[in-house]
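Trainee: Handing you a structure now.
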Amino acid sequence: MRTNAARHLVACAAGAALLALSGCGKSGAGSAAAGGGAETAVPGGERRFSLRGEVLSADLKRKVLVVRHGEVAGYMPAMTMEFPVSAGDAAAARAGERIRADLVVGRDGNARLEGIWPDDQASVDSVDAGARMLQEDTFEKGASAYREVGDAAPHFVLYDQDGRVVDSARFHGQQVMLNFIYSRCPLANMCPASTMKMVASQKLARESGVANIEFVSITLDPSYDTPGVLKQYAADRGIDTGNFSFLTGPGAAIRDLLTQFGVIAEFKDGILNHTLATLLIDEKGRVSWRADGSDWEPKQFVERMHR
């Protein structure tokens, strides 16, 4: 029965005022997606501008990127300069990579970059095309969009925690254990517990000789969870990302995936109401098992990986 959307509804506090929520439906996701250098006021007297440029180098120890950027309208001309960034953004950056980002200027005049996304045309075009195809698929399926056990999993194209494009077609021939989380979820028995169970499943699968398995966590909050944020999320938890990808991308694509996988995620009054679902997808790309909520054990999934 297609009743999954009503299961395990919970409320997770999303923290601050969720300033980037308005960017959820924008192409490419993130508050910097619009470009153009427009200034946005943020709490605390800070100012926020859109910036586009090329990473020349990254200093992980100092958490600094050297970026050659275009004009930032209303703030400064095109130039090359250093910008402080988060540890995750520094680790995810690659020399020669084009980026779009939020330039945040504090009341003291110091500037930093946040909300960093890949901006090379090939990657953007690939992810946007994937989002359009997914949207068309969801629309055409209508009320039958929800994928039952035995159905083919939807095709998607997103970014991973290193800012690389991930086409789900790359997983064909492998099993995939997949769930949905978001980095700011504060409830220990929700996303944090789900992530730890995924990590435990990864370890148990390795110990029991499962070789053809990939682990995938897709964000519920793409307007905040940039590749760098997810990079830091994995690093803070000591997660082995050799076969574990944390994915993000356009808000529209995430919403369509939630629809097709039967997961609720909706911001309302600063609260993210969401359900939990963990799925196993077989080598042929079909949903072979799912567990809703958090009442499941890693061994249940690993046992099915051997079938």
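The values are calculated or read from the model by the stated rules, or taken from the named source; none is laboratory data. Please read these numbers as outputs of a predicted model, since none were measured by experiment. So basically every Cβ, Gly included, is an ideal-geometry build from the backbone, and we count neighbours across all protein chains shown.
Trainee: Within region 246-271, which residues are in a helix (DSSP H, G or I) and aliphatic (A, V, I, L, M)? Lay out the reasoning, then the answer.
Mentor: Of the residues in region 246-271, the ones in a helix (DSSP H, G or I) are 251-261.
Result: ALA252, ALA253, ILE254, LEU257, LEU258.
Trainee: Any chance region 32-44 includes a residue that's modelled with pLDDT of 95 or more, hydrophobic (A, V, I, L, M, F, W, C) and out of contact with any helix residue (DSSP H, G or I) (no Cβ under 7 Å at 6 or more places or on another chain)?
Mentor: no
Trainee: Kindly indicate whether VAL165 is in contact with a Gly (Cβ under 9 Å, 6 or more places away or on another chain), touching a residue at least 40 places away in the same chain (Cβ under 8 Å) and hydrophobic (A, V, I, L, M, F, W, C). I'd like the intermediate steps shown before the answer.
Mentor: Working: in contact with a Gly (Cβ under 9 Å, 6 or more places away or on another chain): yes; touching a residue at least 40 places away in the same chain (Cβ under 8 Å): yes; hydrophobic (A, V, I, L, M, F, W, C): yes.
So VAL165 fits the description; yes.
Trainee: Return yes or no: is GLN121 polar (S, T, N, Q) and within 28 Å of ASN212 (Cα to Cα)?
Mentor: Details: polar (S, T, N, Q): yes; within 28 Å of ASN212 (Cα to Cα): no.
Against the criterion (polar (S, T, N, Q) and within 28 Å of ASN212 (Cα to Cα)), GLN121 does not qualify.
Trainee: Going by the structure shown, is SER223 within 15 Å of ASP162 (Cα to Cα), of a type in the set (S, T, N, Q) and not in a helix (DSSP H, G or I)? Working first, answer last.
Mentor: Numbers: within 15 Å of ASP162 (Cα to Cα): no; of a type in the set (S, T, N, Q): yes; not in a helix (DSSP H, G or I): yes.
It is false that SER223 is within 15 Å of ASP162 (Cα to Cα), of a type in the set (S, T, N, Q) and not in a helix (DSSP H, G or I).
Trainee: Could you tell me how many of the residues in region 198-217 are surrounded by fewer than 21 Cβ atoms within 10 Å (Cβ to Cβ) and in a helix (DSSP H, G or I)?
Mentor: 6
Trainee: Just one of the numbered conditions (1) modelled with pLDDT under 95; (2) surrounded by fewer than 21 Cβ atoms within 10 Å (Cβ to Cβ) is not true of ASP240; which one?
Mentor: Checking ASP240 against (1) modelled with pLDDT under 95; (2) surrounded by fewer than 21 Cβ atoms within 10 Å (Cβ to Cβ), the one that fails is (1).
Trainee: Give region 272-292 a look and list any residue that's touching a residue at least 60 places away in the same chain (Cβ under 8 Å), within 22 Å of LYS203 (Cβ to Cβ) and either in a strand (DSSP E or B) or under 21 Å from the mean Cα position of the chain (by Cα) (or both), or say none. Outline the logic, then answer.
Mentor: Here is the first cut: in region 272-292, the residues touching a residue at least 60 places away in the same chain (Cβ under 8 Å) are 272-290, 292.
Those still in the list that are within 22 Å of LYS203 (Cβ to Cβ) too: 276-283, 288-290.
Listed by number, the residues that qualify are LEU276, ALA277, THR278, LEU279, LEU280, ILE281, SER288, TRP289, ARG290.
Trainee: Also, quick follow-up: Out of everything in region 183-197 that is farther than 14 Å from ASP236 by Cα and part of a loop (DSSP other than H, G, I, E, B), what residue ends up being modelled with the lowest pLDDT?
Mentor: From region 183-197, those farther than 14 Å from ASP236 by Cα are 185-191, 193-194, 197; that's our starting set.
Now drop any that are not part of a loop (DSSP other than H, G, I, E, B), which leaves 185-190.
Working: CYS185: 90, PRO186: 85, LEU187: 82, ALA188: 86, ASN189: 87, MET190: 90.
Checking each candidate, the answer is LEU187.
Trainee: Please determine whether any residue of region 255-266 is under 16 Å from the mean Cα position of the chain (by Cα), acidic (Asp, Glu) and modelled with pLDDT of 95 or more.
Mentor: Yes, there is a match, as at least one residue in region 255-266 is under 16 Å from the mean Cα position of the chain (by Cα), acidic (Asp, Glu) and modelled with pLDDT of 95 or more.
Trainee: I've got another one for you. Within the set of pairs 6+ apart or on separate chains, which have a first residue in region 192-211 that is basic (Lys, Arg), a second that is at pLDDT 95 or above, and C-beta atoms under 7 Å apart?
Mentor: Taking only residues 6 or more apart or on different chains, the pairs are LYS197/PRO298.
Trainee: Further, regarding this structure: Return only the number of the condition from (1) touching a helix residue (DSSP H, G or I) at 6+ places or on another chain (Cβ under 6 Å); (2) of a type outside the set (Gly, Ala, Ser); (3) part of a strand (DSSP E or B) that THR138 does not satisfy.
Mentor: Just one mismatch for THR138, condition (3).
Trainee: If you don't mind, there's one more thing I want to ask. Can you pull out every residue in region 139-160 that is surrounded by 13 or more Cβ atoms within 10 Å (Cβ to Cβ), among the aromatic types (Phe, Trp, Tyr) and over 18 Å from ALA291 (Cα atoms)?
Mentor: Listed by number, the residues that qualify are PHE156, TYR159.
Trainee: Only one of VAL165, VAL149 is of a type in the set (A, V, I, L, M) and over 23 Å from GLU97 (Cα atoms); which?
Mentor: VAL149
Trainee: Which residues, taken from region 102-125, are surrounded by 17 or more Cβ atoms within 10 Å (Cβ to Cβ) and closer than 14 Å to GLY249 by Cα? Don't jump to the end; show me each part of the working.
Mentor: So in region 102-125, the residues surrounded by 17 or more Cβ atoms within 10 Å (Cβ to Cβ) come out as 102-105, 111-119, 123-124.
Passing the criteria: GLY115, ILE116, TRP117, PRO118, ASP119, SER123, VAL124.
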